[in-house]
Amino acid sequence: MSEPDVPPSRRRPGRPPGRRSTRDAVLAAARARFAADGFAQTTIRSVAADAGVDGSQVIQFFRSKEELFAAVMAVPASALARFDEAFEGPAEQRGELVVRAFFDSWEQRRDESEPLMATLRGAFVNERARQNLSEFIQSRLLDGGGRHGDEEAVLRAGLAASLLVGVVTSRTIIGVPAIESASLEDLVRLLAPAVQAIL
């Protein structure tokens, strides 16, 4: 979610930073904020203030809080775009499109799956990492559905996120035999109707 009306924050004195150093400062500030406050409580405004830049500059670099978090996790923007495209498809196929987009990112594309798996493994030993990951995935599902502020939509997104992350965890970390050996098509066939019904 972006924050369109972000007032300028106070700039640090001295020579204005270059584009690369500004982006790095924003990433460092975001990394610290996500670690301290969690995904849900962190705002573009707070990150901008910590980095000593205008909020509009954060939006210019990353467009939304979700993209900023993905950059902190080193997840390519293509993973986020895939979820957006899933929600642009026919409503009656949403469950299948979302499940395919999810497993494409987590299993089929190494540049996306490696940082996601590293974050998932970190979530097992770090409460903040666990909270950040779950809130981030839920937020992506909410963004796709376009129903922010709807309490039931939040619950539905949370349930869908829990289902999908639970399957990935059982498949790749715990190693539940039946789930680990299942083909992608079997997972899509069985999970898609459930995700469709939940969302």
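The values are calculated or read from the model by the stated rules, or taken from the named source; none is laboratory data. Quantities reported herein were computed from a predicted structural model and do not represent experimental measurements. Backbone-built Cβ (ideal geometry, glycine too); neighbour counts: all protein chains shown. These accessible areas exclude ligands, DNA and RNA; they are computed on the full protein's heavy atoms, side chains included. Shrake-Rupley method; radii C 1.70, N 1.55, O 1.52, S 1.80 Å.
Quick look at the numbers
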{"read-out": "Matching residues, region 75-85, being in contact (Cβ under 8 Å) with a residue 12 or more places away in the chain, assigned to a helix (DSSP H, G or I) and open to solvent by less than 60 Å² (accessible area, probe 1.4 Å)", "value": "SER78, ALA79, LEU80, ARG82, PHE83"}
{"read-out": "1 or more residues open to solvent by 40 Å² or more (accessible area, probe 1.4 Å) and modelled with pLDDT under 85: qualifying helices (runs of 4 or more DSSP H) within region 86-199", "value": "110-123, 127-145, 151-169"}
{"read-out": "Criterion: open to solvent by less than 50 Å² (accessible area, probe 1.4 Å), farther than 22 Å from LEU164 by Cα, assigned to a helix (DSSP H, G or I) and aliphatic (A, V, I, L, M) - qualifying residue of VAL58, VAL53", "value": "VAL58"}
{"read-out": "Residues satisfying the stated conditions in region 34-50, i.e. part of a helix (DSSP H, G or I), at pLDDT 90 or above and either open to solvent by 10 Å² or more (accessible area, probe 1.4 Å) or at positive phi (or both)", "value": "ARG45, SER46, ALA49, ASP50"}
{"read-out": "Among the candidates LEU27, LEU80, residue that is modelled with pLDDT of 80 or more and touching a helix residue (DSSP H, G or I) at 6+ places or on another chain (Cβ under 8 Å)", "value": "LEU27"}
